[in-house]
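All remarks here apply to the structure that follows.
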Amino acid sequence: MLVSKKDRALMRGATSIFIPVNSLECNGMKFPDIDIKNAKENWARKTFLSLYKYTPGIMHPHTTSVQICNEFFIFFFMFAFLLQTLFIFLKHPFEEENYIGLGTDYSTLWVVSDMLDLTNIIFILYMIFKFRVAYVDPESRVLVYDPKRVALSYLFGYFIIDFFLVLPIAQNITDDVLEHSEWSSGLVGVVSILQYLAVLCRILSMLADQSASIFVCESGVSKFVINLLAFFLFSHVVGSFWYYFATIRVAQCLTEACGAHKLCRKSIPCGFDVFNYDRPIWEKYKCNNNATACFGPCGFAYGIFGPAVSLMEESNLPMRYIYSLFWGFQQISTLAGNQTPAFFVVEVLFIMFVGATGLLLLSLLIGNMQNFLQALGRRSLETSVRSLDVEQWMRHRRLPQELKRQIRESERYNWLATRGVNELMLLENLPEDLQRDIRRYLFSFVERFPIFSLMEESILDAIRERLKQKIYIRGSRILVRGGLIDKMVFIVQGKLQSIGEDKNVVPLSKGDVCGEELITLCLEHCALNRDGKQFKIPAHKLVSNRSVICLTNVEAFTLRVQDLEEVTCLFSGLLIRRPHVQGNIRKDPPYRQGLPANCVKLAWRYRKKRLNR
């Protein structure tokens, strides 16, 4: 094919070659299915993102949800510990075959095994939960939210112990490895004890972490119950290990009865199935008097495990557990002082552990009870010290007996009304919004007053903040005729009477107010003083024309005139713009509403006397 010079020049300058899709060359080519791969990747990515949305981030350890989860896991670990130790009490001796086994109640074994499998799932969820909870840096005392640092902190902390709890190591080792070992029973015992201690260690560590947030604010009764539960928990530990070590001692006695025969040694933890290969030896072993004597408390140097050997013969599983729990409770309470161990190292160490545990628990229980009783008597002690100071002061000032009697009665009633609690100091430590809600509930009587019921909520909150509790004894005079009215008194409890200039008596009780003319005077001056400057009510307008006397002991809240002037000055704009408030200014107080009727009665009597003359 000849190509001209012009075609060659076009070929050199070409930057791309166009090939139709339906051409022969294109139909034979095979391109990779890129769209299908992209679709699969997008589907996997979307699935991962949809699941990741529901995965919580690093959570604050003090939130309510995290605290609830921690409490749940604490009780779960206790339940898992009780469930694991339940396998110990399933073991009991078979005297006819001279070996120790789990018994023939397969339904109970299956239920316990299935529940242990479920506990492994909860253990895994707990491990995932620990990877998502922030921790406090011990050096800087700052919460760490970095996911990598949180994960590393848990990995180098309790992760190994938790991982050991998740895997059913003791069962797997028993079935696969230790079954063919000469030291199988000893290794199985060590692994089982380590697993029990690991769960107990996690329970104690979680309780220690939660003590600052849970147990500090609990009541005295709750703390007592918690200490009692801890006492029963360690009683369960001691009783379970006591029964478990007793089975080990019986197995040791049977091993010594076997002598040097290896097949006989393997039959003790595994049962008579091992002797299927040698029936004559099995028949000879069943008639071994030394092995039969091992199931009696006097057939071996059992020491403190003698009662447990007799307990093994009890076929009732709850009885075996309850008696072991009782034994543990008894030994912790008595510090194992009534036990004499045999010449066996494990037994001696076990008695030392029981004594130390009992001493620790008793010291904690006594210390907590002492703190509880001291907290109950602290208020009484403070009151006694104050009473002693008051008595010394009255003796030093040589007050008359009547004043001393009134002071003592006032102090006693003040204690009965407040129980020695300073409400102002208690409210100051709470958030502002919570203080406002508490005052609205406690001082709801403020809104019952006609003028206050028409005011804004912000004005009422300012008034509630300035209310002070006051206690009056019987015979006290709150207001005196001719004296200054320096406060409003809101009566919460008790009875009073108001005596006017004309000897008119008006009873006052719970829900009433005396000194209410102060609010009228303050609102009048607020209406006149529109520039919002501080004002002061003239003294001649504060003179009282009546007397208020307490008929009983009275509990009330007072509002000083200075505080009322301050509130009306701060909220003068809101008060002026409310016509309903201005309309109620001129309303007469309750004690003056009967004056017109009394005047009419007096005028009628005088007229009647003149007509009768």
ask   = Of all residues in region 468-485, which are crowded, with 19+ Cβ neighbours inside 10 Å, closer than 17 Å to L518 by Cβ and touching a helix residue (DSSP H, G or I) at 6+ places or on another chain (Cβ under 8 Å)?
value = I485
query = Among the residues of region 486-498 satisfying the criterion of being farther than 18 Å from F449 by Cβ and of a type in the set (D, E, K, R), which is surrounded by the most Cβ atoms within 10 Å (Cβ to Cβ)?
reply = K495
Region 330-343 residues that are at positive phi, paired with ones that are not β-branched (V, I, T) (beta carbon under 7 Å, 6 or more apart) = L335/G355; L335/G358; L335/L359; A336/G355; A336/G358
request  = Residues being aromatic (F, W, Y) and either exposed (fewer than 15 other Cβ atoms within 10 Å of the Cβ) or out of contact with any helix residue (DSSP H, G or I) (no Cβ under 7 Å at 6 or more places or on another chain) (or both): count how many of those fall in region 139-157.
outcome  = 2
inquiry  = For region 398-431, give me the residue count where each residue is assigned to a helix (DSSP H, G or I), exposed (fewer than 10 other Cβ atoms within 10 Å of the Cβ) and more than 27 Å from the chain's Cα centre (by Cα).
reply    = 2
task = Starting from residues that are of a type in the set (G, A, S) and surrounded by fewer than 21 Cβ atoms within 10 Å (Cβ to Cβ), keep the ones in region 499-519 and report whichever is farthest from the chain's Cα centre (by Cα).
result = G500
task = Select the helices (runs of 4 or more DSSP H) contained entirely in region 536-613, then report the ones holding at least 2 residues which are at pLDDT below 65 and within 20 Å of F443 (Cβ to Cβ).
result = 572-576
note = Within region 312-343, the count of residues that are at pLDDT below 85 and closer than 23 Å to F87 by Cβ comes to 7
inquiry  = Could you list, ordered by first residue, the pairs with Cβ atoms under 8 Å in which the first is in region 485-499 and closer than 13 Å to I471 by Cα and the second is basic (K, R), at least 6 apart or interchain?
reply    = V489/K470; I491/K510; V492/K510; Q493/K510; G494/K510
ask   = Which number in (1) under 39 Å from the mean Cα position of the chain (by Cα); (2) modelled with pLDDT of 80 or more; (3) surrounded by 11 or more Cβ atoms within 10 Å (Cβ to Cβ) marks the one condition that E382 misses?
value = (2)
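The values are calculated or read from the model by the stated rules, or taken from the named source; none is laboratory data. Given the structure is predicted, the values throughout are model-derived calculations rather than measurements. Don't worry about glycine lacking a Cβ; one is built from the backbone with ideal geometry, like all the others, and counts go over all protein chains shown.
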